[in-house]
Amino acid sequence: MAGHEIVEFIRVVIECTAMGIEILAVMVIVTAIIVVTCSRGTVRYVLQIGRPGAYEAYKHQLGKPLLLGLDLLVASDLVKTVALELTMNNVLTLGLLVLIRTFLSWSLVVEIEGRWPWEAKEGKGSESLT
């Protein structure tokens, strides 16, 4: 193999890897929504609508896979941008995508846990050091 062929082969492998990560992210999100909705999500939530904490449990079950899917999408974007075409335009686009997805992740954490990601959890970190 010539040097050009090796570089082209590596490029194809990286493109396929990035596409595989994107497909995995979509599969995680779609599968989680289907599983939560069918098995313990919407049906159980509707049947237990008067029970305290039913909505919060539903949010937790849907939110965690969404966070994982967002993280996988960021990883895919990083692989594509850094390994394939490291141009200023692509880096700026990546930065904007990471900012948007980070905002979405923080929004999900606030919705799920009821606190900002940098705030200590209740019961932890609140003890004095005396």
Which value results for Rg/Rh of the stretch 69-114 when Rg is the Cα radius of gyration and Rh the Kirkwood radius based on the inverse mean 1/r?
1.09
Most exposed first by the Cβ proxy, i.e. fewest other Cβ within 10 Å, how do SER39, SER76 rank?
SER39, SER76
Divide the volume of the convex hull of the Cα atoms of the stretch 3-113 by its number of residues and quote the answer in cubic angstrom per residue.
81 Å³
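Each reported figure results from applying straightforward, stated rules to the coordinates on display, with no laboratory input. Bear in mind that the values here come from a model prediction, so they are computed numbers and not experimental data. Glycine also receives a Cβ, built like all others from the backbone with ideal geometry; neighbour counts cover every protein chain displayed.
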